[in-house]
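Structure, as structure tokens:
The values are calculated or read from the model by the stated rules, or taken from the named source; none is laboratory data. Only a predicted model underlies this, so the values are computations on that prediction, with no experimental measurement involved. Please note: Cβ atoms are built from the backbone with ideal geometry, for glycine as well, and neighbour counts cover all protein chains shown. Side chains are part of the model used for accessible areas, which takes the heavy atoms of the whole protein and leaves out ligands, DNA and RNA. Shrake-Rupley method; radii C 1.70, N 1.55, O 1.52, S 1.80 Å.
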Amino acid sequence: MARKKEYNEDVVVEKAMNLFWRNGYETTSMQMLEKEMGINKFSIYSSFGNKHGLFLESLKSYKRKVNTIFEEFKNSNNGIEDIKDFFYNSVRICTINGNQKGCLFTNTYNEFSEKEDAQINEQMNYFMNNLKELFIDKLKMDSNKDEETVLKQANYLLLAKHGLAAASRVNNKKEIEDYIEMTFKNL
């Protein structure tokens with residue numbers, strides 16, 4: 001007869017997500033996960049298969065965590081101002097007590113950029129493509145922009161968002177605000 005789990009999977013995945021967010025995938029060891037999650041390796045393997053499976057669940061948990069920001073962004077109708085608000089909101093979520101600095105997706109994108117991990121790359125490409133499409137939709141709200149300009153600006157904003165995520169790990173609030181303001185100054 002199978003034993004009943006003595007832990008809440010959502011709670012332990014949240015703890016693992018924060019550990020991966022803080023340290024990255026490679027640096028996070030099974031021993032660190034056991035300690036952070038408060039469960040043993042057997043329970044981790046039993047519930048998630050392995051560290052990789054737990055990491056994929058952590059990415060899903062992060063997606064749920066930031067979904068509110070994305071839904072607000074997606075449903076707004078103020079063009080470039082919406083993108084700017086999204087930049088501010090994406091930094092603001094990292095200042096909430098218990099959250100880490102930077103963006104777990106961007107951190108993962110950077111860590112896995114040269115690795116051939118189909119599952120992680122699929123998650124990252126899906127995220128980045130959706131974000132770029134949202135940028136394109138908002139930029140198209142300005143009827144003075146042609147397709148080429150919209151695409152160039154969407155690419156620029158995607159790279160700026162990567163930069164913002166990296167900067168939010170080490171720069172202070174004023175520097176971050178200046179970065180965002182300068183990003184949107186000439187759009």
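Would you mind stating whether Glu114 is among the charged types (D, E, K, R), farther than 27 Å from Thr28 by Cβ, open to solvent by 20 Å² or more (accessible area, probe 1.4 Å) and without any contact (Cβ under 8 Å) to a residue 24 or more places away in the chain?
Working: among the charged types (D, E, K, R): yes; farther than 27 Å from Thr28 by Cβ: no; open to solvent by 20 Å² or more (accessible area, probe 1.4 Å): yes; without any contact (Cβ under 8 Å) to a residue 24 or more places away in the chain: yes.
When the stated conditions are applied, Glu114 does not pass them.
Residue check: Thr28 meets all listed conditions (1) open to solvent by 20 Å² or more (accessible area, probe 1.4 Å); (2) modelled with pLDDT of 95 or more but one, namely (1). Any residue at all in segment 26-47 that is in contact with a helix residue (DSSP H, G or I) (Cβ under 8 Å, 6 or more places away or on another chain), among the charged types (D, E, K, R) and within 28 Å of Leu158 (Cβ to Cβ)? The answer is yes, given that some residue of segment 26-47 is in contact with a helix residue (DSSP H, G or I) (Cβ under 8 Å, 6 or more places away or on another chain), among the charged types (D, E, K, R) and within 28 Å of Leu158 (Cβ to Cβ). Just wondering, is there one or more residues in segment 119-134 that are open to solvent by 90 Å² or more (accessible area, probe 1.4 Å), within 25 Å of Val11 (Cα to Cα), modelled with pLDDT under 90 and of a type outside the set (D, E, K, R)? No, there is no match, as no residue in segment 119-134 is open to solvent by 90 Å² or more (accessible area, probe 1.4 Å), within 25 Å of Val11 (Cα to Cα), modelled with pLDDT under 90 and of a type outside the set (D, E, K, R). A single entry from Glu81, Glu57 fulfils the requirement of being over 20 Å from Ile120 (Cβ atoms) and among the acidic types (Asp, Glu): Glu81. There is no residue in segment 52-70 that is at positive phi, surrounded by 14 or more Cβ atoms within 10 Å (Cβ to Cβ) and at pLDDT 90 or above. For the condition modelled with pLDDT of 90 or more, of a type in the set (Gly, Ala, Ser) and at negative phi, Ser46 qualifies. Of everything in segment 165-187 that is closer than 13 Å to Ile83 by Cα and hydrophobic (A, V, I, L, M, F, W, C), the residue that is farthest from the chain's Cα centre (by Cα) is Leu187.
The helices (runs of 4 or more DSSP H) falling completely within segment 1-111 that include 2 or more residues that are under 27 Å from Lys185 (Cα atoms) and free of Cβ contacts under 8 Å to residues at least 12 places away in the same chain map to 51-75, 80-92.
Just give me the residues in segment 135-174 being under 21 Å from Ile93 (Cα atoms), part of a helix (DSSP H, G or I) and open to solvent by less than 90 Å² (accessible area, probe 1.4 Å), in sequence order. If the condition is that a residue be under 21 Å from Ile93 (Cα atoms), part of a helix (DSSP H, G or I) and open to solvent by less than 90 Å² (accessible area, probe 1.4 Å), then Phe135, Leu157, Leu158, Ala160, Lys161, His162, Gly163, Leu164, Ala165, Ala166, Ala167, Ser168 are the ones that fit.
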